[in-house]
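Working notes, structure below.
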Amino acid sequence: MRRWIRAFGSSDGARMSTLRAVLDRTRTIRVVPPISLLILLLGLAVFVSPGLRERIVRHPLDVGAFLVVVVAIAGFWAVPSDLTKRLRRNPLSITGFTIITLFIIVAALAPVLAPPTPGTRDPYLIPHEGFAPDPLPPRPGHPLGTTGRQYDLYYGIIWGTRTAFRVAVVVVAISIALGLVLGSLAGFYGGRIDEVVMRITDIFLAFPGLVLAVVVTAVLGKGLDHVMIAIALVGWPLYARLLRGDILSVKQRDYVEAARAMGAGDLRIIFRHVIPNAIYPFMVVAAFDMGVIVLVAAALSFLGLGAEIGYADWGQLINMSRSWILGVPGNAFLYWYTVVFPGIVIFLFVLGWNLLGDAFRDILDPRLRGST
Amino acid sequence: MTAYVARRLLILPLVAFGVTILIFALLQFLTPEERAALFITDPRQFGQIQGIIRKYGLDQPVHVQYWSWLKQLAHGDFGWSQTARMRTAEAIGAFFPATLELTIYMFIPIILTGLWLGTKAAVHKDRFVDHFSRFFAISLRGLPSFVWGLIVLMIFYGWLNWFPPGRLSLEADQFVHLSGEFRVYTRLMTVDALLNGQFWIFLDALRHMAGPILTLVLVEMALLVRITRSSMLEVLRQDYVRTARAKGLDEDVVIMKHARRNALIPVITLTSLLFVGLLGGVVLAETIFNFPGIGKWGAEAAVQLDVPGVTGFAMFIAIVTVLGNLAADVLYAAVDPRIRLQ
């Protein structure tokens, strides 16, 4: 009881024992869904032809992030199993899926939706007209208004979508990589290694996530790269503990025993038998994490520890109007658009991932079904 | 029970030691020159930066530096915090009571409403209350607390002028700090106000805390509602609940006495998570509402690279978090005998 309750917040391989019951078979994803293959080819085409690349790519990490998200979601959606069949019937997951797909489309079409001014060095820097200090309301040419010092909100929100995906995917990737290595070492070998790794995660979990991220970015300095490092440092212990707990339960299963009896080595057992069985719970946590990461990144930017001034980033957009939020005496809502528009976008992004994560979890863990 | 608590207590110094290593490692990302600049109090000293590096041993091998830094910490000497304009240890002492008070006042509505809504949802499963609470919990978890905080600030301060930012209004502040008639007992403003018999100061302090409270309560409550609901659902399926119903007990008695008491056990674990969440959340809420607590100071120190301030803030929060988790674990084992056996 206690073990699975803890899993909600931040901890180890708790709900995994239940998941095992549902997914207790070693298998890899055999069928590559045609749709993701198509998108993958399209992505490669864009990357290879120089003209298109100039126009659309702009930031190599973005393309990577884009492809990862598309393939992961489409792949998960299209895998033939009763799991995904249920996923496609669940209204919550459909809503979440739709929201995320819309965001993906916006991110991919950013150069079309909000064309950067010709000749800009970096399209991620929001263009601004003049330096008038106070935000100005929506008007022709600036459909969502401008922030303090005249950065265009619409442009920032559209290109900020790419930033959000980049931050989320890079951080999840680093966290999963670190968690995978340390978690499997700890779980598989146990003993002293396990003890050391678990004490290290204890140290990282001794901070509320935001506090550790604030401290790390403060020391490393401003900038999106540092934000990503900071959030990944906060995030990996969760994955390490998850995998460790999982391996502990998988280790004694008959099929691992069988593989060992057939002479399989440690690495082979870990990669072929243990990790494939842990991949679904990982997906659940990663889906939730995508939203949480963007939330933390936005909070850091809001505090003034995130992206550089003028960089297309949702938290940044709010930060740039921070001293104007209160409006003027008599009209408190004068500058409402500076908070509401970026706020709604962040909210929808996080909501989309939460809905997806919830749907995955509902389906994977029958005991929690319908428990939101 | 004693063994369990002892085991948990043994881990505590280990984690504290690890936290110092982590923070020291982070500080190594700054160059000796950058760290030396922290000891400069006068622009004229910039010429002697090499002298400062030597004086404070900033060019020594890492383990020597770590050892001397650790000795410094052991004496409670975190250095001078530029943002607080006082010694870091004093700053923690000055700011933490305000945050503690805020956190306590947040806990009460979160626990009460969360439990109430969670129980209601479980008892009326698949009815309106249930759907409402699930929708509520799902959407609130996506709500960025700082955006919600700014909206609260706009509505309740800018428009209605109900919940002003800060900790006290001007008159109350003058009375507390300058009149000499106000005695400080606990440093928790509302408690002190009542002990002094100054009811208006109590109300004033409460009014200033309402903004941050409203901001975080809504965001943090979602989790509690969800856990209470699922825990209640599980308990309601148990045999003893069926027995209680079969005995012909009143439904309210069954729910309150037989089901909810047992459903509360996992909720106790959650309170430690809630506490950690609130400690992180106050950084944003206090910054938005200009509430002079430890979170606002920590954020300011981080933005202005006040390294002694950031270090002290991080260490202190880490220790409070670990103690909070420990308290929850011990409480949990005390309530539920089954845990101790594991």
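The values are calculated or read from the model by the stated rules, or taken from the named source; none is laboratory data. Keep in mind that this is a model prediction, so the values were computed, not measured. All Cβ positions, even for glycine, are placed from backbone atoms using ideal geometry, and neighbour counts span all protein chains on display.
Suppose we keep only residues that are in a helix (DSSP H, G or I) and of a type in the set (Asp, Glu) within region A:325-365. Which one would you say is surrounded by the most Cβ atoms within 10 Å (Cβ to Cβ)?
Restricting to residues being in a helix (DSSP H, G or I) and of a type in the set (Asp, Glu), the top hit is A:ASP358.
Kindly indicate which of A:GLY221, A:GLY191, A:GLY209 is within 14 Å of another protein chain (Cβ to nearest Cβ), of a type in the set (Gly, Ala, Ser), free of Cβ contacts under 8 Å to residues at least 40 places away in the same chain and out of contact with any Ser or Thr (no Cβ under 6 Å at 6 or more places or on another chain).
Criteria check complete, one pass: A:GLY221.
Yes/no per residue for (1) among the small types (Gly, Ala, Ser); (2) modelled with pLDDT under 90; (3) touching a Leu at 6+ places or on another chain (Cβ under 6 Å):
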residue	(1), (2), (3)
B:LEU58	no, yes, no
B:VAL62	no, yes, no
B:SER68	yes, yes, no
B:ALA74	yes, yes, no
B:PHE78	no, yes, no
B:PHE132	no, yes, no
B:PHE156	no, no, no
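When the residues of region A:287-324 are filtered to those that are farther than 30 Å from A:GLY357 by Cα, surrounded by fewer than 22 Cβ atoms within 10 Å (Cβ to Cβ) and not aromatic (Phe, Trp, Tyr), which remaining residue is nearest to the other protein chains (Cβ to nearest Cβ)? Full working, then the answer.
So in region A:287-324, the residues farther than 30 Å from A:GLY357 by Cα come out as A:308-310, A:320-324.
Going one step further and asking which of them are surrounded by fewer than 22 Cβ atoms within 10 Å (Cβ to Cβ), we end up with A:308-310, A:322-324.
Narrowing the set further to residues that are not aromatic (Phe, Trp, Tyr) leaves A:308-310, A:322-323.
Working: A:GLU308: 14, A:ILE309: 13, A:GLY310: 17, A:ARG322: 8, A:SER323: 12 Å.
Looking at the filtered set, the residue picked out is A:ARG322.
Does B:GLU101 satisfy the condition of being modelled with pLDDT under 80 and acidic (Asp, Glu)?
So B:GLU101 does not fit the description; no.
B:ILE213 versus (1) more than 14 Å from chain A (Cβ to nearest Cβ); (2) farther than 30 Å from A:PHE333 by Cβ; (3) assigned to a helix (DSSP H, G or I): which is the lone unmet condition?
Against the list (1) more than 14 Å from chain A (Cβ to nearest Cβ); (2) farther than 30 Å from A:PHE333 by Cβ; (3) assigned to a helix (DSSP H, G or I), B:ILE213 comes up short only on (2).
Any residue in region B:324-338 that's touching a residue at least 24 places away in the same chain (Cβ under 8 Å): show its pairings with residues that are of a type outside the set (Phe, Trp, Tyr) and not in a helix (DSSP H, G or I) at Cβ separation under 8 Å, as long as the two are six or more apart or on different chains.
Pairs found: B:ALA333/B:MET1; B:ALA334/B:MET1.
Among the candidates A:VAL345, A:VAL274, A:VAL284, which residue alone is modelled with pLDDT of 90 or more and either of a type outside the set (Phe, Trp, Tyr) or over 13 Å from the mean Cα position of the chain (by Cα) (or both)?
One residue alone meets the criteria, A:VAL345.
Which one is nearest to A:LEU210 (Cα to Cα) among residues in region B:313-322 that are within 7 Å of another protein chain (Cβ to nearest Cβ) and β-branched (Val, Ile, Thr)?
Here the residue is B:ILE317.
B:VAL176 - would you say it is closer than 30 Å to A:MET290 by Cα and buried (at least 20 other Cβ atoms within 10 Å of the Cβ)?
Considered against the rule, which asks whether it is closer than 30 Å to A:MET290 by Cα and buried (at least 20 other Cβ atoms within 10 Å of the Cβ), B:VAL176 comes out as no.
So B:ALA91 passes all but one of these: (1) out of contact with any strand residue (DSSP E or B) (no Cβ under 8 Å at 6 or more places or on another chain); (2) assigned to a helix (DSSP H, G or I). Which condition number does it fail?
In the conditions (1) out of contact with any strand residue (DSSP E or B) (no Cβ under 8 Å at 6 or more places or on another chain); (2) assigned to a helix (DSSP H, G or I), B:ALA91 misses (1) alone.
Considering only region B:137-158, state which residues are assigned to a helix (DSSP H, G or I), hydrophobic (A, V, I, L, M, F, W, C) and either within 8 Å of chain A (Cβ to nearest Cβ) or under 17 Å from A:GLY291 (Cβ atoms) (or both). Reasoning before the result, please.
To start, the set of residues in region B:137-158 that are assigned to a helix (DSSP H, G or I) comprises B:137-142, B:145-158.
Checking the rest, the ones that are also hydrophobic (A, V, I, L, M, F, W, C) come to B:137-138, B:140, B:146-148, B:150-156.
Those that are assigned to a helix (DSSP H, G or I), hydrophobic (A, V, I, L, M, F, W, C) and either within 8 Å of chain A (Cβ to nearest Cβ) or under 17 Å from A:GLY291 (Cβ atoms) (or both): B:ALA137, B:ILE138, B:LEU140, B:PHE146, B:VAL147, B:TRP148, B:LEU150, B:ILE151, B:LEU153, B:MET154, B:ILE155.
Give the residues of region B:83-126 that are of a type in the set (A, V, I, L, M) and more than 26 Å from B:LEU236 (Cα to Cα), sorted by residue number.
Answer for region B:83-126, where residues must be of a type in the set (A, V, I, L, M) and more than 26 Å from B:LEU236 (Cα to Cα): B:ALA84, B:MET86, B:ALA89, B:ALA91, B:ILE92, B:ALA94, B:ALA98, B:LEU100, B:LEU102, B:ILE104, B:MET106.
Restrict the check to region A:176-197 and report whether at least one residue is surrounded by 24 or more Cβ atoms within 10 Å (Cβ to Cβ) and farther than 27 Å from B:ARG8 by Cα.
Within region A:176-197, not a single residue is surrounded by 24 or more Cβ atoms within 10 Å (Cβ to Cβ) and farther than 27 Å from B:ARG8 by Cα.
Got a sec? Which helices (runs of 4 or more DSSP H) wholly within region B:231-312 have at least 1 residues that are surrounded by fewer than 24 Cβ atoms within 10 Å (Cβ to Cβ) and facing chain A (nearest Cβ under 9 Å)? Step through it out loud before you land on a result.
Values: elements: B:239-246, B:261-288, B:294-303.
The helices (runs of 4 or more DSSP H) meeting that bar are B:261-288, B:294-303.
Only residues that are assigned to a loop (DSSP other than H, G, I, E, B) and either small (Gly, Ala, Ser) or in contact with a Gly (Cβ under 6 Å, 6 or more places away or on another chain) (or both): list them for region B:168-207, please.
Scanning region B:168-207 gives B:SER169, B:SER179, B:GLY180, B:GLY197.
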